[in-house]
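All remarks here apply to the structure that follows.
The values are calculated or read from the model by the stated rules, or taken from the named source; none is laboratory data. A quick note: this is a predicted structure, and the numbers were derived from the prediction, not measured. Glycine gets a Cβ as well: all are built from the backbone with ideal geometry, and neighbour counts include every protein chain shown.
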Amino acid sequence: MLGADLEVPVKGGELVRYANLDYAASAPCLEPVSAAVAAALPAYSSVHRGAGYASQLTTARYEQARHTVRGFVGARRGDAVVFTRNTTDASNLLARCLPEGTTVVVFETEHHASLLPWPNAVRLAPPAFPGEAVRAADETLAGIDGPKLLVVTAASNVTGELWPIAALAHIAHRHGARILVDAAQLVPHRRLNITALDLDYVAFSGHKLYAPFGAGALVGRGDWLAQAEPYLLGGGASKAVTGGTGQGLPLETEWSADPEQRHEAGTPNVLGAIALAAACDALSATGWTPLVKEEERLLRLLRDGIAAIDGVHELSLWGPAHPRVGIVSFVVDGWTAREVAEALSADHGIGVRDGKFCAHPFVRHLLDGVGRTADGDCADGTTGAVRASIGIGTTEEHIHRLIDALSELVSRR
């Protein structure tokens, strides 16, 4: 893991080893990812349509990256893998490809990347328990005619709680709808299999998957993608451009029928795709069982430690027993979220996130439940929360340092 030995200054000028507890925002780069990018750089060239050796080699690496990503998420043989900038870009791409008249059903618990791109959306209130999420989706989809898409997260970026995506996919298909799963917070922590879960689309980001080189992916059924206007108009997306040649004469464009080329106009982020694939390979080679086991141990240590501090309140939609990935959001009595984050950094060398985590409606709902809707430290005048998130580089010392620091903060007021 790059940056594992990073030292940061704290008050008094001392340098301490950085405790990175901000993986849910962006994860550090894995050493195999950095090595894969370094290996590709000497022969880097533009992909596709080039006859030169460097172009041919880079094209092969780029398409191999697509194959690797497809396997990593257990996609079907015919599924498209479109490289994007991130999850937000992937959701917006799919929004541009929806058949005319499509109604999108989305919960207000979503990250803005899944909440905002849809021009025709039915928004559902935060469900009180997983079964209510399934029931609400069932009832809503049953009342919609025409094309429809259900959008849901696999793991909340605010609470880490896992959503019943298999049950929701079943409900969606029963009503002739498709489902898009925001897997940005799931794939760094758990294995995902599109085929086994019967998902139509998944979107995720490399920068959360230990590959911070500006690439993400939309993976799923190719028919809507192949029939839609290209996401970007330009080279690569076009199969042939004819006409023109005279002033005022129109150009006629035949777009690529391949859904991947059709929506990857221009020179793509080749190194980002290579990095993303290298991260997929590295995680698969490590094996999910030891990764999940260690994460659950550290998460239990973190949550038990927070629960034992009087005045620190964990935020949760479905209660403390519900399964989740390594993300914990909380508030501290007598402190704004920004004050907590700044103190943890300045006094203890701990990095966390504060605010509403690009999930404003959901965080406001959760804060309501702990009486935190008064004036606070966010731009809209409301309060926020603190989020600690763990990953492969997290150690037990990091967890103990955070718990000790929070105990010390609470004792000041």
From Val81, Val73, Val104, Val47, grab the single residue that is outside the structural domain of Leu366 (by TED's automatic domain parsing), out of contact with any Cys (no Cβ under 8 Å at 6 or more places or on another chain) and over 30 Å from Ala359 (Cα atoms). Val47
Considering residues of segment 337-371 that are touching a Pro at 6+ places or on another chain (Cβ under 9 Å) and either buried (at least 20 other Cβ atoms within 10 Å of the Cβ) or at pLDDT below 95 (or both) only, the residue farthest from Asp182 (Cα to Cα): Gly349
Among the listed residues Pro127, Pro119, identify the single one that is assigned by TED's automatic domain parsing to the domain that holds Tyr201, assigned to a loop (DSSP other than H, G, I, E, B) and either touching a strand residue (DSSP E or B) at 6+ places or on another chain (Cβ under 7 Å) or at pLDDT 95 or above (or both). Pro127
State all residues of segment 1-60 that are more than 30 Å from the chain's Cα centre (by Cα) and among the small types (Gly, Ala, Ser); if no residue qualifies, say none. Gly12, Gly13, Ala43, Gly50, Ala51, Gly52, Ala54, Ser55
Identify, by number, the condition in (1) more than 30 Å from Pro290 (Cβ to Cβ); (2) among the hydrophobic types (A, V, I, L, M, F, W, C); (3) not in a loop (DSSP other than H, G, I, E, B) that Ala196 doesn't meet. (1)
Just checking, how many residues over segment 266-281 are at pLDDT below 95 and either under 30 Å from Pro323 (Cβ atoms) or among the hydrophobic types (A, V, I, L, M, F, W, C) (or both)? 0
Filter segment 153-169 down to the residues that are under 20 Å from Val292 (Cβ atoms) and either polar (S, T, N, Q) or surrounded by fewer than 22 Cβ atoms within 10 Å (Cβ to Cβ) (or both) and list them by number. Thr153, Ser156, Asn157, Thr159, Glu161, Leu162, Pro164, Ala166
So which of Ser329, Ser284 ends up being modelled with pLDDT of 95 or more and either assigned to a strand (DSSP E or B) or touching a Cys at 6+ places or on another chain (Cβ under 8 Å) (or both)? Ser329
Test Val219 against the stated conditions and say whether it is over 23 Å from Ile390 (Cα atoms), among the β-branched types (Val, Ile, Thr) and in contact with a strand residue (DSSP E or B) (Cβ under 8 Å, 6 or more places away or on another chain). yes
Counted residues in segment 74-116 being of a type in the set (Ser, Thr, Tyr) and either surrounded by 22 or more Cβ atoms within 10 Å (Cβ to Cβ) or at pLDDT below 95 (or both) come to 5
Which of the residues spanning segment 251-273 are part of a helix (DSSP H, G or I) and either over 18 Å from the mean Cα position of the chain (by Cα) or charged (D, E, K, R) (or both)? Pro259, Glu260, Gln261, Arg262, Val270, Leu271
Test of understanding: among Ala172, Ala136, which residue is crowded, with 23+ Cβ neighbours inside 10 Å and modelled with pLDDT of 95 or more? Ala172
